[in-house]
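*Asks:* After the structure tokens below, expect a handful of questions from me.
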Amino acid sequence: MKKVPFFNNVFAILRVLNADSVVKITGSILFPVMVIICTPFLLQTLHYDGNEKLLWWYQHFIGAYYCNVFVVIMLFLFGYLVFNSTYKAALGVAGLSFIVGLIDSQKMRILHQPFVPGDLLFVRQSLLIAKQYAAPVIGALVILLILVIIFIRVRKGLCHFPMPPAVRLVSAVVYMVVCIFIIKNYNYTIDSLNKKYKVCNEFWNQLGNYHKNGFYYSFAMNIASMKIEKPNSYSREKVATMFDPWTEDDSTGIPQKNFSPDVIIVLSESFWDITKISTLKIPHDPIKHFRKISSKYPSVRLLSPSFGGNTCNVEFEILTGMSHGFFPAGMTAYNQSITHPVPSLVRVFKENGYRTTGIHTFNQWFWNRTNVYRHLGFDRFISQESMDKPKYKGFYISDEELAQQIISTASKNDQPDFIFAISMQNHGPYDRKRYDTLDCPVSSGLSAVADLELNSYIQGTIDADKSLKMLTHYIDTTRTPTLLFFFGDHLPGFSKLYEETGYGERIRTDTIWAHTTSSAWYANYKLKKFPDTLISTCFVPFFVTELAGVSVPVYYNFLNELREKQPIFSLTHRNSGIVKNDSSSLYLDSLSRLSRLYVYDLLFGKQYASRYNNLKNYNN
């Protein structure tokens with residue numbers, strides 16, 4: 001293996017030149033050049049799950065291509081300085097790109113969302129889920145290993161162009177200075193590139209962002225957005241008086257009861273009405289009990305902040321009344337923000353004299369729930385680890401077991417209970433055989449994978465519906481006044497079913513449809529009627545406290561008015577046009593700014609707004 005010094009005497013090089021050396025040197029130069037040029041196309045091929053859109057991307061977003069090349073060059077230079085070899089640097093860039101591109105393609109296939117910087121914080125969660133995809137992961141690793149072996153053999157015919165120590169040291173210093181400048185002036189750098197190459201950072205629409213701006217550059221732009229910027233109007237004086245107009249407001253109209261009902265909230269994993277895919281012919285209704293009680297009792301349609309996954313974002317909105325829309329793409333409050341006690345729906349019930357319990361039929365560390373639930377105010381957390389010989393069905397603990405855990409907890413009547421429970425049985429993936437028998441097998445006429453996804457999901461939904469029936473039966477037979485709220489957190493993440501039924505494009509373009517789930521209320525006492533409407537999940541705490549008849553903090557008065565003015569409160573859906581009442585956009589903007597101030601202050605600021613969650617400010 002011949003090494004050509006980077007700054008050799010030109011005449012010395014000419015003396016040894018021959019046909020073979022010319023070929024070696026030419027190939028040695030072309031290899032890293034081709035890696036740099038082709039890497040953005042490789043990533044887009046994996047992202048699009050094919051190459052039919054590559055020409056369209058290059059023709060319409062040439063500026064974005066150049067920005068991706070810039071990122072690849074920076075990665076290549078880093079590898080060159082580390083390995084002191086152009087060959088190894090190029091090979092490292094190619095290998096890294098293949099791995100992250102594969103991750104992105106799998107996330108797109110299952111969740112229809114790209115790989116973003118925030119996902120790097122969930123390696124443990126991702127590896128656990130990846131166990132269900134052992135075959136494609138092993139296949140990809142085998143392909144990568146074969147490519148590495150090929151490149152190792154090819155390298156014998158290539159030059160590495162190592163730098164002399166002095167040149168390498170100077171280059172490293174220059175590279176570090178450039179990187180420090182970019183980091184300290186990240187927004188300026190990104191804005192300058194965007195302006196020069198006419199790139200639009202669609203931070204509110206990451207699917208479109210990656211489609212148009214390429215993987216590496218979109219990923220780089222999202223790094224800049226991981227930091228929560230302090231609102232310009234943030235100050236002690238502003239926050240200390242922000243909710244004063246609602247302090248004396250009793251608009252919630254909470255009826256005072258002479259009893260404190262048990263409150264059970266069940267987040268049913270991926271629970272959704274699969275019959276909304278009209279092209280499927282499903283002979284049996286998989287959610288007949290849910291449909292029965294939702295027609296008799298109050299119900300609302302929920303606009304979820306998630307699709308196909310990230311249950312913790314839905315939990316965050318349900319349990320805090322704060323909108324996750326203020327967070328950058330890929331960021332979750334559970335892993336990055338709830339690091340101290342936070343006002344929550346849990347604390348509202350706790351300070352109304354309730355015993356508060358969280359139940360989840362999975363690992364307690366998943367989504368950092370052990371720490372988060374403590375900060376939210378739960379008295380105890382029952383997880384998979386603390387269950388004695390729980391019943392499994394398929395990959396996970398059954399929904400029947402969850403219902404039994406809830407009933408067992410609620411049956412202890414020494415004080416009223418607030419129970420927040422999360423199921424796991426119907427969690428993805430759905431394209432692996434998980435049930436030995438099916439209650440209502442369906443022949444979809446689609447591919448084998450899509451058919452497996454459909455039947456696995458339907459069985460999980462049937463079992464979730466059965467668990468709901470168990471809970472309503474318990475409520476009917478207990479003497480304890482009990483309120484139940486049952487809802488789905490997001491649509492299921494299918495790898496094939498949406499596309500093969502013609503709903504893939506709707507998932508990508510109709511965000512309202514793709515994020516709408518159902519819910520149902522049930523109680524053994526009379527409930528207030530309200531219209532079936534579409535609301536963001538951050539407004540659920542208002543409905544729970546209203547139907548339970550408990551006292552609420554001042555913040556809930558504000559939350560109620562915001563709900564009345566803008567029932568869909570999300571940056572992702574801000575152009576939906578669904579606004580209740582004819583309020584001016586200026587007033588809505590002011591409410592939105594107050595909500596953002598509240599979220600920033602309690603999670604990232606000085607907690608000046610804590611006084612609006614104190615007992616002394618509760619309406620009685």
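*Asks:* Give the residues of segment 594-616 that are charged (D, E, K, R) and modelled with pLDDT of 85 or more, sorted by residue number.
*Replies:* Answer for segment 594-616, where residues must be charged (D, E, K, R) and modelled with pLDDT of 85 or more: R596, D601, K606.
*Asks:* Right, something else. When you go through R380, R369, R374 one by one, which is the residue that is buried (at least 17 other Cβ atoms within 10 Å of the Cβ), among the charged types (D, E, K, R) and assigned by TED's automatic domain parsing to the domain that holds S467?
*Replies:* Exactly one residue qualifies, and that residue is R369.
*Asks:* For F362, state whether it is modelled with pLDDT of 85 or more, touching an Asp or Glu at 6+ places or on another chain (Cβ under 6 Å) and in the same structural domain as S411 (by TED's automatic domain parsing).
*Replies:* No.
*Asks:* Still on this structure: Find the residue count for segment 377-399, including only residues that are of a type in the set (G, A, S) and under 23 Å from the mean Cα position of the chain (by Cα).
*Replies:* Summing the residues that are of a type in the set (G, A, S) and under 23 Å from the mean Cα position of the chain (by Cα) in segment 377-399 gives 1.
*Asks:* Can you tell me how many residues in segment 287-316 are within 13 Å of the chain's Cα centre (by Cα) and in contact (Cβ under 8 Å) with a residue 24 or more places away in the chain?
*Replies:* Counting residues in segment 287-316 that are within 13 Å of the chain's Cα centre (by Cα) and in contact (Cβ under 8 Å) with a residue 24 or more places away in the chain gives 11.
*Asks:* Turning to a different aspect of this structure: Which one is nearest to I462 (Cα to Cα), of the residues in segment 367-404 that are of a type in the set (S, T, N, Q) and assigned to a helix (DSSP H, G or I)?
*Replies:* So the residue we want is Q404.
*Asks:* Collect the residues in segment 531-546 that are closer than 26 Å to M470 by Cβ and either part of a loop (DSSP other than H, G, I, E, B) or outside the structural domain of T461 (by TED's automatic domain parsing) (or both), keeping them in residue-number order.
*Replies:* D532
*Asks:* Next question. Considering only helices (runs of 4 or more DSSP H) fully contained in segment 411-527, which possess at least 3 residues that are acidic (D, E) and without any contact (Cβ under 8 Å) to a residue 60 or more places away in the chain?
*Replies:* Answer list for segment 411-527: 448-477.
*Asks:* In addition: With the requirement that a residue be of a type in the set (K, R) and surrounded by 18 or more Cβ atoms within 10 Å (Cβ to Cβ), what does segment 390-426 give you?
*Replies:* K393 - this is the single residue of segment 390-426 that is of a type in the set (K, R) and surrounded by 18 or more Cβ atoms within 10 Å (Cβ to Cβ).
*Asks:* Within segment 246-278, count every residue that is modelled with pLDDT of 85 or more and either of a type in the set (A, V, I, L, M) or assigned to a helix (DSSP H, G or I) (or both).
*Replies:* Going through segment 246-278 one residue at a time, the tally reaches 9.
*Asks:* Find the residue count for segment 276-295, including only residues that are exposed (fewer than 14 other Cβ atoms within 10 Å of the Cβ) and either among the small types (G, A, S) or out of contact with any Phe, Trp or Tyr (no Cβ under 9 Å at 6 or more places or on another chain) (or both).
*Replies:* Of the residues in segment 276-295, 6 are exposed (fewer than 14 other Cβ atoms within 10 Å of the Cβ) and either among the small types (G, A, S) or out of contact with any Phe, Trp or Tyr (no Cβ under 9 Å at 6 or more places or on another chain) (or both).
The values are calculated or read from the model by the stated rules, or taken from the named source; none is laboratory data. All of these numbers come straight from a predicted model, not from anything done at the bench. Ideal geometry is used to build each Cβ from the backbone, glycine not excepted, and the neighbour counts take in all protein chains shown.
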